[in-house]
Every structure is written in C-alpha cells, then in structure tokens.
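Chemist: Supplied in structure tokens, the structure appears directly below.
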Amino acid sequence: MASDEGPLVDVVGLVKEFRRVRRVPGRLSAIRTFLNREQDVIRAVDDISFSIMEGELIGFLGPNGAGKSTTIKMLTGILTPTAGTVSVAGRDPSRERRANAATIGVVFGQRSQLWWDLPLRESFRAVRDLYGVPNGEGDRRQAELVELLEMDDFLDAPVRQLSLGQRMRGDLAAAMLYRPRLLFLDEPTVGLDVVAKQRIREFVGHTNTESGTTILITTHDLEDVERLCRRIVVIDHGRVLYDGGLAELMAHYAPYRDLVVTLAEPHDVDVPSLEQVDRNDRRVTLRFRSDKIKAPEAIAAVTATHAVVDLSVVEPRLEDVIARIYTERGLPDGPP
Ligand SMILES: Nc1ncnc2c1ncn2[C@@H]1O[C@H](COP(=O)(O)OP(=O)(O)OP(=O)(O)O)[C@@H](O)[C@H]1O
Ligand SMILES: [Mg+2]
C-alpha cells in the first residue's frame, strides 16, 4: 500500500557493496586462478540515510564515483541493497519492482531507455501500452509533452538518429507519459548545449510546480541546482556530507560578498570591515561579511576614501562552496 503520510522516499542505513574478482597474476591454469582469486569489496554506498517529502525537488550531488547512480538504482529497484532499507511510496523497490515502476519515472542521461530502432512516436506508444495508460489520457498527455519539449519535428525519426538533446527530451517525455509521482533524473543535462540545458531545466521546474511531481536530480552542472533546487543532498565515498537548504548552505558557509573596485591609481585598499583578498593592478577585490555590513555601506566606505572609477558586488559562488565540501570531505561545524 502506498502511504500518503510521512515521506514519499525513506532511506535508512543504505549500503551497497560490489565484489570485484582480483586475478592473482602468473601463467597459471584457470583452475589455479579460480582457487587463488581474491575479491575486492567496493562499498559504493556506505550507510546513507535521507528522506524526501512529496513535492520536493532535490539536487543529489557528489563527485564522480560518489555513489549517486548506485543509490538511484536502489531507489528504482534495479539494484538490491546489501544492507539498510528503502521505502518508496511505502514499498520496497527491489521486492516490488513492478508495482514500484508505475510510481516512478527514471531518466539516465548517459543511457537512453528508449527503443533504439523505433521512431520516437512508437517508443511513446510502447511506454503507454506498458503502463496501461488509457488512450484518451495518453493522447492528451503526449500532446502536452510534445508541445512542452518541442518535439514535433523529430517524432517520426528513429531514436538512433536523434541528437543528444532531442534524445534526452524523448527520454524525459517517456518517463512522464504515465504521470509518475516521483521522477529520478540522473544527469539529464550532461553533454547538452546551453539552450538545450535551459529547455530541460524549464521542463523539470514546470513538472515539479505544475504537475506536483517529486524530483531527485543528479547533475554536475551547478547552474541546474541553483535554478531548480531549494534542498541538496551531497554525498561522497557513499556517505552523506551535507543534507539541507541551498540558501542555508550559502548563508552558513559563504556569509560574505566581494566588492570588486577599479581604482584610478594602482594601490592597496585598507578600509575597516573590508578585507582585501586580491589585487591585480588597479582592480581590487574586497571581501565583507554580509551579515555584519550592508553592500551600500561597504561601497560608501571605499568611495569616501579612494578614487574609484568602477565597481561591482559579487555573490559567493555555489561552485566554490561545493568544491570545498568535496575537497574537505564535508564542512567543519560553524562558519569559517
Ligand atoms: N556494477 C558495478 N560493479 C562494481 N563496481 C561498481 C558497479 N557500479 C558502480 N561501481 C562502483 O561504485 C562506485 C560508485 O559508482 P556510481 O556510479 O554510483 O558513482 P556516481 O556518483 O554516479 O558517479 P558519476 O558522477 O561519475 O556518475 C564507483 O567506485 C564505481 O566504480
Ligand atoms: Mg552516476
């Protein structure tokens, strides 16, 4: 039974180990190799817990090999956990894979789920049949998706002839044809040009706000995250490093702004409450704590004492904070 109370997704103490056979070197027979083989255990997911409430749109981040795709495969029932529990709409995905399939949509950016030799239109037909979507509703839904994702021009082309951006739109539409409550997007913008990325982002945002679909999105493009997500879960080495709001993350770990000024003459700037963090000839970067001093006051303090010919205020970059989480394997408790 799908439960309507509590989180839509609940993951507790999730672990996934892969075993890889390490061959013992030497010019020995297959039998000897078999007897001597040793197994390397890779703990791709190492005690992960988090939950997702209905209606959320969460960024699931982490460096290459962090365990993101492995986690998504356990949430979708493709892989069985080594330990821990997963509940998706009240079901265990690996035990009730078929029942779970109607609840979730999945897009793996690196690998299409569509039928390679079929025209896109036929792939959609196959998905509708597979999920038992009634004809009238299926037609309406398909027309809506074709319009939203601007797919009219290539509906009759076989999937293998589509460009990456067209194929990705096809995959997204296929995943939404049967109106799943929950959508897993594993790198849906990988390899796309800026316009194609924007189109996908708009669709993802629209799907969350207009259809109320709960979405977990994995991406290495932090602009996807800044545009779409209020909450992020960051993992590495199979462990959660951060789970919380994006705004809270920035306010806590990057509570500063940079005032970049171009001076009439090249020299250092010494103003109370501002720290000079960089200077390149006449261009000086001054950092101030945004919780202690407001931007207009910082500007006034500099322009009152220095001949300034140009200036701009620069927000801290999410990229820098995320890079710090990756390199420091988490963040120390408390502001820097
Ligand atoms: N089937 C498998 N057999 C053995 N090891 C695997 C298997 N699948 C994944 N791994 C390993 O598990 C770890 C996590 O891989 P995973 O694909 O989940 O990472 P990811 O966070 O999705 O990375 P990326 O950002 O590069 O997609 C890696 O070390 C990977 O080599
Ligand atoms: Mg991956």
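The values are calculated or read from the model by the stated rules, or taken from the named source; none is laboratory data. As the structure is a prediction and not an experimental result, all values here were calculated from the model. Here Cβ is always computed from backbone atoms with ideal geometry, including for glycine, and neighbour counts include all displayed protein chains. Remember, those area values only see protein heavy atoms, side chains included, never the ligands or the DNA or RNA. Shrake-Rupley method; radii C 1.70, N 1.55, O 1.52, S 1.80 Å.
Chemist: Which one of VAL308, VAL302, VAL321, VAL314 is open to solvent by less than 70 Å² (accessible area, probe 1.4 Å) and under 19 Å from ILE232 (Cβ atoms)? Please lay out each step first, then the result.
Modeler: Values: VAL308 fails: under 19 Å from ILE232 (Cβ atoms); VAL302 fails: under 19 Å from ILE232 (Cβ atoms); VAL314 fails: under 19 Å from ILE232 (Cβ atoms).
The match here is VAL321.
Chemist: While we're looking at this one, here's another question. Could you grab me the full set of residues in segment 96-132 that are part of a loop (DSSP other than H, G, I, E, B) and either in contact (Cβ under 8 Å) with a residue 60 or more places away in the chain or out of contact with any helix residue (DSSP H, G or I) (no Cβ under 7 Å at 6 or more places or on another chain) (or both)?
Modeler: Residues satisfying the conditions are GLU96, ALA102, THR103, GLY109, GLN110, GLN113, LEU114, TYR131, GLY132.
Chemist: Among (1) within 16 Å of ligand 1 (Cβ to nearest atom); (2) farther than 27 Å from LYS16 by Cα, which single condition is ALA264 missing?
Modeler: Of (1) within 16 Å of ligand 1 (Cβ to nearest atom); (2) farther than 27 Å from LYS16 by Cα, only one is false for ALA264: (1).
Chemist: Right, another one. Could you list all residues from segment 202-212 that are touching a residue at least 24 places away in the same chain (Cβ under 8 Å), surrounded by fewer than 21 Cβ atoms within 10 Å (Cβ to Cβ) and not small (Gly, Ala, Ser)?
Modeler: Of everything in segment 202-212, those that are touching a residue at least 24 places away in the same chain (Cβ under 8 Å), surrounded by fewer than 21 Cβ atoms within 10 Å (Cβ to Cβ) and not small (Gly, Ala, Ser) turn out to be PHE203, HIS206, ASN208.
Chemist: Kindly indicate the residue of segment 179-191 that is within 16 Å of ligand 2 (Cβ to nearest atom) and in a loop (DSSP other than H, G, I, E, B) and also surrounded by the fewest Cβ atoms within 10 Å (Cβ to Cβ) among those meeting that condition.
Modeler: For segment 179-191, the residue satisfying everything is GLY191.
Chemist: Let me ask something else about it. Restricting to strands (runs of 3 or more DSSP E) lying wholly in segment 198-252: which have 2 or more residues that are under 12 Å from the mean Cα position of the chain (by Cα) and within 30 Å of ALA102 (Cβ to Cβ)?
Modeler: Numbers: elements: 214-218, 231-236, 239-245.
Where strands (runs of 3 or more DSSP E) fall fully within segment 198-252 and carry at least 2 residues being under 12 Å from the mean Cα position of the chain (by Cα) and within 30 Å of ALA102 (Cβ to Cβ), they are 214-218, 231-236.
Chemist: Looking at segment 285-299, which of its residues are touching a Pro at 6+ places or on another chain (Cβ under 8 Å) and open to solvent by 90 Å² or more (accessible area, probe 1.4 Å)?
Modeler: Answer for segment 285-299, where residues must be touching a Pro at 6+ places or on another chain (Cβ under 8 Å) and open to solvent by 90 Å² or more (accessible area, probe 1.4 Å): just ASP291.
Chemist: With respect to PRO266, determine if the residue is open to solvent by 20 Å² or more (accessible area, probe 1.4 Å), modelled with pLDDT under 95, assigned by TED's automatic domain parsing to the domain that holds GLU297 and assigned to a loop (DSSP other than H, G, I, E, B). Lay out the reasoning, then the answer.
Modeler: Details: open to solvent by 20 Å² or more (accessible area, probe 1.4 Å): yes; modelled with pLDDT under 95: no; assigned by TED's automatic domain parsing to the domain that holds GLU297: yes; assigned to a loop (DSSP other than H, G, I, E, B): yes.
No, not satisfied.
Chemist: I've got another one for you. Among the residues of segment 285-309, count how many are part of a helix (DSSP H, G or I) and more than 41 Å from the chain's Cα centre (by Cα).
Modeler: The first filter runs over segment 285-309 and keeps only residues part of a helix (DSSP H, G or I), leaving 295-305.
Those still in the list that are more than 41 Å from the chain's Cα centre (by Cα) too: 303-305.
Total satisfying the criteria: 3.
Chemist: Restricting to segment 51-71, count the residues that are part of a strand (DSSP E or B), more than 11 Å from ligand 1 (Cβ to nearest atom) and either under 21 Å from ARG324 (Cβ atoms) or open to solvent by 10 Å² or more (accessible area, probe 1.4 Å) (or both).
Modeler: Applying the first criterion (part of a strand (DSSP E or B)) to segment 51-71 yields 51-52, 57-61.
Subsequent filtering for residues that are more than 11 Å from ligand 1 (Cβ to nearest atom) retains 51-52, 57-59.
Next cut, either under 21 Å from ARG324 (Cβ atoms) or open to solvent by 10 Å² or more (accessible area, probe 1.4 Å) (or both) only: 51, 57-59.
Summing the residues that are part of a strand (DSSP E or B), more than 11 Å from ligand 1 (Cβ to nearest atom) and either under 21 Å from ARG324 (Cβ atoms) or open to solvent by 10 Å² or more (accessible area, probe 1.4 Å) (or both) in segment 51-71 gives 4.
Chemist: Tell me which residues, restricted to segment 254-279, are over 14 Å from ASP310 (Cα atoms) and among the polar types (S, T, N, Q).
Modeler: SER273, GLN276
Chemist: So, one more: Just need a number here: residues in segment 269-284 that are open to solvent by 80 Å² or more (accessible area, probe 1.4 Å) and not in a loop (DSSP other than H, G, I, E, B).
Modeler: Summing the residues that are open to solvent by 80 Å² or more (accessible area, probe 1.4 Å) and not in a loop (DSSP other than H, G, I, E, B) in segment 269-284 gives 5.
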